[in-house]
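Laboratory data are not the source of any read-out in this text; all were calculated from the coordinates shown. The structure presented is a predicted model; accordingly, all values stated were derived computationally and were not measured. Note that we place each Cβ from the backbone using ideal geometry, even for glycine, and neighbour counts take in every protein chain shown.
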Amino acid sequence: MYRYDQYDHLIVKERVAQYRDQVRRRLSDELIEDEFRILRLQNGLYLQRHAYMLRIAVPYGLLASRQVRMFAHIARKYDRGYGHFTTRQNIQFNWIKLEESPDILAELATVEMHAIQTSGNCIRNTTSDELAGVAADEIVDPRPYAELIREWSTFHPEFAYLPRKFKIAISGSEQDRAATAVHDIGLHVIKNDAGEVGFRVLVGGGMGRTPILGSQIRDFLPWKHAMSYLEAILRVYNQYGRRDNIYKARIKILVKAIGPEEFARQVEEEWQHIKDGPSTLTEEELQRVANYFTEPAYETLPATDAEYERLKAEDKGFANWIKRNVKQHKVPGYAAAILSLKKTGVPPGDITADQLDFVADLADRYSFSELRVTHEQNLVLADVKQSELYALWKEAKAHGLATPNIGLLTDIICCPGGDFCSLANAKSIPIAQAIAERFDNIDFQHDIGDIELNISGCINACGHHHVGNIGILGVDKDGAEWYQVSLGGAQGNTSSIGKIIGPSFSAHQMPTVIDRLLQVYVKQRIEDERFIDTVRRIGITPFKDFVYASPIKTDQVTGEDACV
Amino acid sequence: MQVRSKPIKLPEKTPVSNTALIIKDKVVVGDDWTVLRLAEGETPEGVAVPAGKIIVPLKVWQAQRAALQGRKELGVWFASDERPEELKDELKNDPAPFQVIAVDFPKFADGRGYSIAYNLRARLGYTGELRAVGDVLRDQLFYMQRVGFNAFAVRADKNIHDALKGLTDFSEKYQSSWDEKNPLFRRAKRETVVTRD
């Protein structure tokens, strides 16, 4: 994976010093909070309900074991013993003291990490495919390009105070695993007929209050022009994006307002001034970065391992885990194993310090000391020998990290919600937990099969509810927490935005709502049809009719439900 | 400790007029330019432009061009929603048609001024003094300098000598802008680091 050279080290070191001085000036009142807030946000420090939250950048989701051990250390020394992986492949800590935040950054710098631009109206951490470099369906490894974008966007002087936050995702596979359609810019690394590498460029996708899928503004951008073309997009947006209304400030609103064709034309015009200039990438520069992403020392192995096949046939638990949590690898005899952070009873994406140390050990022993974070908030060991999967499974299971539920009902994407976040209208974690408890039976989950259940505690959509097959959105009605349900959203190659089924529900009704939706699916599905395909085939009406057919009684009316 | 928001004590009108000190070419210097801002009810056509070193709104320059053209000491400032191309004609034959061009930052978080500055320099070839005025603070100066500003009228309630430090926050940068025409990969020999843990 990428390693810092003297320039990266220097820039991050100077950032720590700059930030430390900003904190000092805040504490001595030289900076007022309104001035400091924007500075600390550009360094990932949010003031939440109970304390500060620090979001640390995990560039395109790649981690080395020594970095994961640093997270464990930070969790113990500066937080309450755990961290939370996010849908932007980052990690955040929820109980941070302002005075200690510069020290955390200094410690992170020792393992080549930072919190630069993990919040604020700037270019955020670029996300990518968690199976980059190992996926069987990969066309081009997106990681070198993701790193080039990281360097280009880090402290870009012109684009630090954009109208709103700006997110880029990059994918290089047949299957889009990076949710590129719901990003401000989505890049698909592809090859043209001549075999040359370039990008298909989508712009103006997003979630939040106005969910929109990105529009393609260029079908093939030769890779050398990546930086100047991104610069052109950002310059148009910086000048013409709305700044009068925070809810209309994302690039998607600009693209929608003037139309993708006109937006593309403006970008093209801007680009002509800088195209072929010094920002044009060189073969040498691509090679310098690509050298960090060469293949590890794979052994030559048979495509199948007899002992592995035997164990799979004998041990149903192992077979379940293989079926859901293990993905095909491009190298014979290897596999990518997903460690589920969605065990029932644990907030989705949460991980303890001990588990962090443990997964770092697993990475060292099974997967060339590397880990990846998925935007579904799980972890991946990308290079595991098939013959070692059983031993890995046993170990992971003993630490609560082998729930065989990847892509299933309880693999819920969920934001921190009202328990932590000051933006939230409603809690999201307890909803995820109640649903997980109700449908904890793994055989039932395997029978339901592929389904994406996403929960956001407010319209900002950190829990990606718009693209959940079932989406749940927390809303505030007269001070009480309610939940709106949508159906038919999807990410990936056939992305779609879910449709709201009707009036919202109370927290206690939610497990029954999900149960009724699943009943309709089970009754209506044809053979191996996935939930999303049934919804697409029959529409939302049958689901809607059944969910609202009779009142949903709640056994207990307590807490927020007791409020009228 | 949590630092809660305190009441903001922003001056009623950003005091760019009569700024006694500015940062120019990396040093603090005295300054006797005045920024003309239209008061309520005043129009670009009707406002009286006082004599002396004055920086007028772009719209005033455009409306009163005939009268102002002969002045030796004249500057023009851009609002953040104005485009640098408005001065395309002026800059066509003269890379410094005014003694100073200023760009206003109504709030420091309004980043349009960065693109205005960049394009004034890079696209339109302006070579004279480019001054940031308005909500100009220490922690943005590094970026402002990078996109082409060489003068900074730091907000009057801030210590300008302290703000000067903002120009040297970083000694290296990855990407090109006005100050560095070449990105790092064209300037430095960067070798792939080989480290085995």
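A:D315 sits among other residues whose Cβ lies under 13 Å from its own Cβ, and their net charge, with Lys and Arg +1 and Asp and Glu -1, is +3. Residue-wise HN-Hα couplings along segment A:544-549, as the Karplus relation 6.51 cos²θ - 1.76 cosθ + 1.60 with θ = phi - 60° gives them from phi, are 4, 4, 6, 4, 9, 4 Hz; Gly and Pro carry x.
How would segment B:21-169 be classified by its alpha-carbon gyration tensor: rounded, prolate or oblate, with rounded meaning a/c under 1.5 and the a/b versus b/c comparison settling the rest? Prolate, since a/c reaches 1.5 and a/b exceeds b/c.
Listed by chain and number, the lysines placed with their C-alpha closer than 18 angstrom to that of A:K13 are B:K165, B:K173; residues fewer than eight positions away on the same chain are left out.
Residues in segment A:180-194 carry Karplus couplings, in order, of 4, 6, 10, 10, 4, 10, x, 10, 10, 7, 9, 10, 8, 4, 7 Hz; the curve used is 6.51 cos²θ - 1.76 cosθ + 1.60 with θ = phi - 60°, and Gly or Pro positions show x. I'd like the GluC sites (Glu not before Pro) in segment B:15-104 restricted to DSSP loop residues with at most 14 other Cβ atoms within 10 Å, sorted by number. In loop regions of segment B:15-104 (DSSP not H, G, I, E or B), the sparsely surrounded GluC sites (Glu not before Pro) are B:E40, B:E42, B:E45, B:E73. Considering only B:P183, B:W61, B:L120, the residue lying farthest towards the positive end of the dipole of the protein assembly as shown is B:W61, judged by Cα position with unit charges set on Cβ. Using just its DSSP H runs of length 4 or more, each adding -39500 (n - 2.57), chain B gives a mean residue ellipticity at 222 nm of -5000 deg cm²/dmol after division by all residues. Across the options A:L27, A:I168, A:A480, the greatest Cα extent toward the positive end of the charge dipole of chain A (unit charges at beta carbon of Lys, Arg, Asp, Glu) belongs to A:A480. In this structure, the amide hydrogen of A:I116, modeled 1.01 Å from its nitrogen in the peptide plane, lies closer than 5 angstrom to those of A:A57, counting only residues at least 5 positions away or on a different chain.
Within a straight-line Cα-Cα reach of under 30 Å, B:K72 can be paired with the following lysines, leaving aside sequence neighbours fewer than 8 residues apart in one chain: B:K13, B:K24, B:K26, B:K53, B:K59, B:K88, B:K92. Exposure proxy ranking for B:V154, A:V520, based on other Cβ atoms within 10 angstrom of each Cβ and starting from the fewest, stands as A:V520, B:V154. As a length-normalised measure over Cα pairs under 8 Å and 6 or more apart, the relative contact order of segment A:96-239 settles at 18 percent. Its relative contact order, with pairs defined as Cα atoms under 8 Å and 6+ residues apart, puts segment A:457-561 at 23 percent. Ordered by the count of other Cβ atoms within 10 Å of each Cβ, fewest first, A:E283, A:E147, A:E268 give A:E283, A:E268, A:E147.
Positive contributions from Lys and Arg (+1) and negative ones from Asp and Glu (-1), summed over other residues with Cβ under 11 Å from the Cβ of B:R187, come out at +3. With the convex hull of the Cα atoms taken as the outline of the protein assembly as shown, the averaged projected area works out to 34.8 nm². Over chain A, dividing the summed -39,500 (n - 2.57) contributions of all DSSP H runs of at least 4 residues by the number of residues returns a 222 nm mean residue ellipticity of -11000 deg cm²/dmol. For chain B, the Cβ-based charge dipole about the Cα centre amounts to some 600 debye (Lys, Arg positive; Asp, Glu negative; other atoms uncharged). Apply the membrane-span-like helix rule to chain A: whole DSSP H runs, Cα extent along the own long axis of at least 24 Å, mean Kyte-Doolittle hydropathy at least 0.0. List the helices found. Helices passing the filter in chain A: none found. Only one residue of B:W77, A:G81, A:I217 has its Cα farthest out toward the positive end of the dipole of the protein assembly as shown, where Lys and Arg carry +1 and Asp and Glu -1 on Cβ, and that residue is B:W77.
Charges were assigned to the Cβ only: +1 to each Lys and Arg, -1 to each Asp and Glu. The resulting dipole of the protein assembly as shown about its Cα centre is roughly 1280 debye.
To make sure I understand, if each residue's beta carbon is the centre and we count other beta carbons within 10 Å, what order do B:R138, A:R242 fall in, fewest to most?
So the residues, fewest neighbours to most, are A:R242, B:R138.
Around the amide H of A:A426, modelled in the peptide plane, lie the amide H atoms of A:G418, all under 5 Å away and 5 or more residues distant in sequence or on another chain.
With a 10 Å radius around each residue's Cβ, average the other Cβ atoms per peptide and rank A:65-76, A:453-464, highest first.
A:453-464, A:65-76
Its Cα centre serving as origin, segment A:452-531 has a Cβ charge dipole (Lys and Arg +1, Asp and Glu -1) of approximately 160 debye. Rg/Rh for segment A:6-110 stands at 0.95; both radii use Cα atoms, and Rh follows the Kirkwood definition.
Using the Kirkwood formula on the Cα atoms of segment B:76-163, what hydrodynamic radius do you get, in angstrom to one decimal?
Averaging 1/r across every pair of different Cα atoms and inverting gives 12.9 Å.
For the pair segment B:86-122 and segment A:271-331, the centres of their Cα atoms are 48 angstrom apart. For the residues B:R146, B:R123, B:R187, a GNM of chain B with alpha-carbon springs under 10 Å puts the largest fluctuation on B:R187. Take the cross-link list A:K323/A:K499; A:K224/A:K342; A:K252/A:K544; A:K248/A:K523; A:K97/A:K256 and give me the ones stretching past 32 Å between alpha-carbons. Beyond 32 Å between Cα atoms: A:K224/A:K342; A:K248/A:K523; A:K97/A:K256. Take every Cα pair under 8 Å whose residues are at least 6 apart in sequence, average their separation, divide by the length of chain B, and the relative contact order is 18 percent. Against chain B, whose longest principal axis comes from its Cα atoms, helix B:112-122 is set at around 90 degrees. Taking the Cβ of A:G172 as the centre, find all other residues whose Cβ is under 9 Å away and add up their charges (Lys, Arg: +1; Asp, Glu: -1). Its environment carries a net charge of -2. Near the amide H of A:D383, within less than 5 Å, lie the amide hydrogens of A:A337, all on another chain or at least 5 residues away, with H placed in the peptide plane. Shape of segment A:306-398 from the C-alpha gyration tensor: prolate (a/c of 1.5 or more and a/b above b/c, with a ≥ b ≥ c the square roots of its eigenvalues). Working note: Karplus 6.51/-1.76/1.60 with θ = phi - 60° gives segment A:337-344 the couplings 10, 9, 8, 7, 9, 10, 6, 4 Hz, where Gly and Pro are set to x. Within the listed set B:Y118, B:Y126, B:Y143, the residue fluctuating most in the Gaussian network model of chain B (springs between alpha-carbon atoms under 10 angstrom) is B:Y143.
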